[in-house]
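Report on the structure given below.
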Amino acid sequence: MTGSENGDERRYAIEEEAVAWLIRLRGDKSDAELVKFENWLAQSAEHRRAYQRATHHFDTSKVLKTSKRHGKRRMFGTHGWLIGAAMAAAITAVIALGLTFRSSGQKEGGRRQAASGAVFQTLPGQIDAVELADGSKVTMDTRSRLTVSMGSKERRLQFQQGRARIAVNTDARPFVVVAGRGELVTSTAHFDISRGSDGRIEIAVLSGQVELRSLLRPVVMQTYRHYAQAGQFIGYPAQNFRPVILSSRGINRRDWPQGWTEYSAIPLRILIADANRYARPPIVLDDPMVGALLVSGRFRLTETDRFSARIAELFDLALSRRPDAIHLQHR
């Protein structure tokens with residue numbers, strides 16, 4: 001293990017300790033416990049910073065219920081067992097902020113060199129990076145597939161499935177990304193593109209400008225064009241190029257290449273669905289009511305075992321590892 005990885009693990013452990021203290025003090029504020037907490041804070045500035053981050057994310061969270069295990073019970077509707085372990089999850093969601101991530105499937109050093117006409121795809125759970133001949137970089141999320149073609153007049157990428165982050169290097173040739181019945185054209189930009197299971201294409205422009213236009217150009221009518229600026233989130237059905245402005249729906253995927261996604265008051269079932277893009281075997285919520293709990297925070301989705309165990313602990317769920325899946329259910 002490298003020095004950097006050792007440092008990451010140490011910081012991750014400190015963040016977990018900070019979250020544990022935050023949860024513990026919501027239920028036990030005895031003098032003895034407070035003395036232990038103050039001693040832990042006094043051990044290092046890292047401890048104090050980690051606790052400040054945890055309290056900040058909890059205070060700004062919209063999830064206000066308390067954990068059955070660590071705090072006072074509050075009823076949620078008519079289901080007494082939904083006591084809001086969600087609050088504890090909202091707290092623990094922010095552990096290990098800012099750490100780097102290297103997927104088990106990602107190349108050490110971060111990237112491969114792509115030849116023109118090459119087809120690239122990632123396996124379940126894999127995040128991989130490819131450097132194109134023009135210096136552009138493409139980071140592919142799990143279960144992604146694309147084809148690269150470099151010509152004398154244009155640079156072309158056929159995006160077929162999954163998610164990719166594309167950092168386009170400046171070049172006289174336009175960079176064209178074909179996705180469904182639309183195409184994206186730019187000379188230099190930084191953007192995400194994804195294709196969901198429902199076939200919808202989504203584009204999030206991080207920097208620069210991207211032109212969206214119809215791939216099937218009518219003979220008489222003027223070609224549809226739309227210019228997407230940095231900060232815009234746009235989508236269209238793969239088989240029907242009608243772009244619309246989208247909302248983030250409480251999900252910030254800016255750090256997905258490092259294995260992180262941040263959520264604000266989203267149902268647990270959505271979080272589990274995102275985690276299942278990397279999980280082998282999948283995580284299953286056996287009780288649909290558990291999936292309705294709201295969660296806020298920053299999660300490392302790419303470590304399935306740690307993620308599922310932490311969710312089970314903090315939502316007070318029973319975890320069962322079976323050949324078909326990791327099952328989570330109410331105790």
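The values are calculated or read from the model by the stated rules, or taken from the named source; none is laboratory data. This one's a predicted model, so the numbers in the text were calculated from it and none came from an experiment. Ideal geometry is used to build each Cβ from the backbone, glycine not excepted, and the neighbour counts take in all protein chains shown.
When both residues are 6+ apart or on different chains and their Cβ atoms are under 9 Å apart, which pairs have a first residue that lies in segment 307-325 and is more than 13 Å from residue 285 (Cβ to Cβ), and a second that is assigned to a helix (DSSP H, G or I) and of a type in the set (D, E, K, R)?
310/16; 321/305
Taking only segment 269-290 into account, find how many residues are touching a helix residue (DSSP H, G or I) at 6+ places or on another chain (Cβ under 6 Å) and surrounded by fewer than 16 Cβ atoms within 10 Å (Cβ to Cβ).
Matching residues across segment 269-290 total 1.
Filter segment 257-303 down to residues that are touching a Lys or Arg at 6+ places or on another chain (Cβ under 7 Å), in a helix (DSSP H, G or I) and closer than 20 Å to residue 163 by Cα, then give me how many there are.
Number satisfying all stated conditions: 1.
Output the residue which, of all residues in segment 127-159 that are assigned to a loop (DSSP other than H, G, I, E, B), of a type in the set (S, T, N, Q) and touching a strand residue (DSSP E or B) at 6+ places or on another chain (Cβ under 8 Å), is farthest from residue 175 (Cα to Cα).
Checking each candidate, the answer is 142.
Which condition from (1) surrounded by fewer than 21 Cβ atoms within 10 Å (Cβ to Cβ); (2) under 25 Å from residue 242 (Cα atoms); (3) at pLDDT below 95 is the one that residue 182 breaks?
Unmet for residue 182, out of (1) surrounded by fewer than 21 Cβ atoms within 10 Å (Cβ to Cβ); (2) under 25 Å from residue 242 (Cα atoms); (3) at pLDDT below 95: (1).
Might you let me know whether segment 171-178 holds any residue that is assigned by TED's automatic domain parsing to the domain that holds residue 198, within 30 Å of residue 301 (Cα to Cα) and either buried (at least 16 other Cβ atoms within 10 Å of the Cβ) or in contact with a helix residue (DSSP H, G or I) (Cβ under 7 Å, 6 or more places away or on another chain) (or both)?
Quick first cut of segment 171-178, residues assigned by TED's automatic domain parsing to the domain that holds residue 198 only: 171-178.
Among the residues that remain, those that are also within 30 Å of residue 301 (Cα to Cα) are: 177-178.
Filter again for either buried (at least 16 other Cβ atoms within 10 Å of the Cβ) or in contact with a helix residue (DSSP H, G or I) (Cβ under 7 Å, 6 or more places away or on another chain) (or both), leaving 177-178.
Within segment 171-178, one or more residues are assigned by TED's automatic domain parsing to the domain that holds residue 198, within 30 Å of residue 301 (Cα to Cα) and either buried (at least 16 other Cβ atoms within 10 Å of the Cβ) or in contact with a helix residue (DSSP H, G or I) (Cβ under 7 Å, 6 or more places away or on another chain) (or both).
Among all residue pairs at least 6 apart or on different chains, which show Cβ distances below 9 Å where the first residue, located in segment 279-301, is within 16 Å of residue 326 (Cβ to Cβ) and modelled with pLDDT under 90 and the second is assigned to a strand (DSSP E or B) and of a type in the set (D, E, K, R)?
Qualifying pairs under 9 Å: 299/262.
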